[in-house]
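See structure below.
The values are calculated or read from the model by the stated rules, or taken from the named source; none is laboratory data. Keep in mind the model is a prediction, meaning the values are calculated, not measured. Cβ placement follows ideal geometry from the backbone for every residue including glycine, while neighbour counts extend to all protein chains displayed.
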């Protein structure tokens, strides 16, 4: 029986549902608050290592990434244009929407764009910091990030 995971943004919780058959269309009600539209999540999967199975889960909060990418898509023109202030606003919206922490290098990068400095110059001098402080990269131990969603351990019927 397949098990599907769904995320409720109101409860900030992941719920697991089993189904007697493959069903990629059905969306259940939230068991916690009754929300109608839950978003499907990437499920935990097993990784085989030398004949042993080990549970693995991505380190990325899919809901936060989806929200941030939606914000970015809405500001695509600002990122492709020549206005450094508009690009900085779009980038800040991306970080805010995803609940991502701004590192000091990223903060400096955005501050300079907001001051109207040439985008190519700022990117040449500080662009490497954006890669080093990538909010979607796995975080080192002890570095804070967005609060991960809770996981309801109960298995519900889809």
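Yes/no matrix, rows are residues, columns are (1) part of a helix (DSSP H, G or I); (2) at pLDDT below 80; (3) buried (at least 18 other Cβ atoms within 10 Å of the Cβ):
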site: 87; (1), (2), (3): yes, no, yes
site: 93; (1), (2), (3): yes, no, no
site: 101; (1), (2), (3): no, yes, no
site: 106; (1), (2), (3): yes, no, yes
site: 113; (1), (2), (3): yes, no, yes
site: 136; (1), (2), (3): no, yes, no
*Across region 12-32, what is the number of residues that are closer than 15 Å to residue 154 by Cα and either touching a strand residue (DSSP E or B) at 6+ places or on another chain (Cβ under 9 Å) or buried (at least 17 other Cβ atoms within 10 Å of the Cβ) (or both)?*
11
